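Participant: Right, I'll just put the structure down here and ask away after.
The values are calculated or read from the model by the stated rules, or taken from the named source; none is laboratory data. Bear in mind that the values here come from a model prediction, so they are computed numbers and not experimental data. Here Cβ is always computed from backbone atoms with ideal geometry, including for glycine, and neighbour counts include all displayed protein chains. Areas reflect the complete protein model, heavy atoms only, side chains present, ligands, DNA and RNA absent. Shrake-Rupley method; radii C 1.70, N 1.55, O 1.52, S 1.80 Å.
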Amino acid sequence: MLTFGIMTLNMESENSYINELANRAESMGMEVFRFIPSDIHPHNLQVKGRKYDSRTNAWLECNAPIPTIIYDRCFYGEDDHSKQCLPIVTWLKSRKDLTFLGYGLPNKLELYQALKSTTLSSYLPSTQAVLSIESILTELTLRKKIILKPINGSQGYGIYYLKKNEKTIHVKTEKQKRIISRIFPNEAKLTHWLTLLLKQRNYLLQPYLELSNKENKPFDIRILLQKNELGVWGEQGRGVRIGTTGGLLSNLAAGGSVINFKEWLVSLPPAKGEYLQQELKFILTSLPSTLEKAFMPLFEIGVDIGIAKDGSIWILDINSKPGRKVILSTNPELQDSLYTKPLLYGKYLSQTDQMERKVYDEKTLSH
Ligand SMILES: Nc1ncnc2c1ncn2[C@@H]1O[C@H](COP(=O)(O)OP(=O)(O)O)[C@@H](O)[C@H]1O
Ligand SMILES: [Mg+2]
């Protein structure tokens, strides 16, 4: 029987999602084995993990060879265990005898650099690495409002809005729906604060986009694209994420809520809705192949699209390990499809010749 491997950084990660997959695997002729990269034995290449027993609906601990089909659901942080696992996963991804459903995407800056020379460039907010405090001050003087965000960020963590007033500088961030505001009386005080901030992690800088709705709530459209059982990309669903009044973030992890896309769309003037649908169609049909040309093969992506007050449309973020919350809460009828797609695609991969897919030696591995 084909083993469908699921790799996470700990055995509790995404339990309900993984259980749903495991429950459906047997009927597709597969068994599910979940494991943690650091539990691979370096000598005999056996890994201690858990196999799903569909008779008892329980996970049984066992040693097994590394599964040849792997669904990577590792979410890295700054902790030591993440740092320990990263090189192991890089090694796994470079092995010719293993096939990953998706090989991940690089950080936000590399993504920007690769996409800015494609047909999607006009949808990308101009993005630059923060190389010095002077560059932040220069951009702030030029643009008045900017955003700083971690190059490796996720889930809305560590995002700052900076606004230059006549004399002072207003800095705003959001933590668990709480808006934290601070006014710096001059550039010297701001510089001191920025020095500390930039020591913590690498940042990028973008112009601030007015992505809020009429109620002054930030919002964006989250679309989940996945490959089907024939390896063809398609849209799985979309929803609208809405953040806190006066806030910055629409991420659900930051406390945002979700509404149904169609219900939201009818609230727009028809011409605007029509235009948006056309633009989204163009973005969503070009994006997967553009990404796979620039980087490695993927199975799924979550795309965040922002719509500014002036009607402009922006690709804000692309996630290669998207969550399913937005789709599940607005389209509960998609449950079954969501929980079978990875298995079907894994099965498809196991049945097709992987040599073509593996011509990626010259491409850089990312996660
Ligand atoms: N340039 C920007 N201007 C205004 N708001 C932004 C900008 N970039 C991001 N945001 C807001 O912050 C949220 C998180 O940003 P994103 O780039 O998706 O990072 P993360 O990886 O943390 O999700 C977005 O969903 C959006 O609400
Ligand atoms: Mg995002």
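Participant: Only Cα pairs within less than 10 Å get springs; with that Gaussian network setup on the chain, which residue of SER267, SER329, SER117 has the largest fluctuation?
Facilitator: SER267
Participant: Just to verify a number: FRET efficiency for LEU196 and HIS170, C-beta to C-beta distance, R0 = 22 Å, to 0.05?
Facilitator: So the FRET efficiency works out to roughly 0.75.
Participant: Just the number, please: carbon plus sulfur as a percent of the accessible area of the stretch 227-270, 1.4 Å probe, no ligands or DNA/RNA counted.
Facilitator: Here it works out to 59 percent.
Participant: Using a 1.4 Å probe, what is the accessible area per residue for the stretch 227-367, in Å²?
Facilitator: Numbers: 6430 Å² over 141 residues.
Ligands and nucleic acids excluded, the figure is 46 Å² per residue.
Participant: Once you charge only the Cβ atoms, +1 for Lys and Arg and -1 for Asp and Glu, what is the size of the charge dipole of the stretch 223-367 about its Cα centre, to the nearest 20 debye?
Facilitator: 220 debye
Participant: A follow-up question, please. Can you send over the carbon and sulfur percentage of the accessible area for the stretch 1-128, probe radius 1.4 Å, protein chains only?
Facilitator: 49 percent
Participant: Which residues make up the longest stretch of the chain clear of trypsin sites (Lys or Arg not before Pro) that lie in a DSSP loop with no more than 10 other Cβ atoms within 10 Å, not counting the sites?
Facilitator: 215-367
Participant: Is there a quick way to get the dipole size of the chain? I mean about its Cα centre, with the Cβ of Lys and Arg at +1 and of Asp and Glu at -1; what is the value in debye to the nearest 20?
Facilitator: Values: 47 positive and 38 negative charges, 213 e Å.
I would put it at about 1020 debye.
Participant: Normalised by the empirical 2.2 N^0.38 Å for globular proteins, what value does the Cα Rg of the stretch 91-237 take?
Facilitator: 1.28
Participant: Which of SER13, GLN351, HIS192 sits closest to the plus end of the dipole of the chain, meaning its Cα is farthest towards the positive end, when Lys and Arg get +1 and Asp and Glu get -1 on the C-beta?
Facilitator: My answer, from the dipole projection, is HIS192.
Participant: From the square roots a ≥ b ≥ c of the eigenvalues of the alpha-carbon gyration tensor of the chain, which class results: rounded (a/c under 1.5), prolate (a/b over b/c), or oblate?
Facilitator: Verdict is prolate for the chain.
Participant: Next up: With each run of n ≥ 4 DSSP H residues scored as -39500 (n - 2.57), what mean residue ellipticity at 222 nm is computed for the chain after dividing by its residue count and rounding to the nearest 500 deg cm²/dmol?
Facilitator: -9500 deg cm²/dmol
Participant: To the nearest 20 Debye, how big is the dipole of the stretch 170-308 about its Cα centre, given +1 on the beta carbon of each Lys and Arg and -1 on that of each Asp and Glu?
Facilitator: On the way: 18 positive and 13 negative charges, 127 e Å.
Using only the charged Cβ atoms, the result is roughly 600 debye.
Participant: Rounded if a/c is under 1.5, else prolate if a/b beats b/c, else oblate: with a ≥ b ≥ c from the C-alpha gyration tensor eigenvalues square-rooted, which is the stretch 100-186?
Facilitator: It comes out oblate by the Cα gyration axes.
Participant: Tell me, what ³J(HN,Hα) does each residue in the stretch 326-331 have, in order and in whole Hz, if you take phi through Karplus 6.51 cos²θ - 1.76 cosθ + 1.60 with θ = phi - 60° and put x for Gly and Pro?
Facilitator: Along the stretch 326-331, the couplings run 4, 6, 5, 7, 9, 9 Hz.
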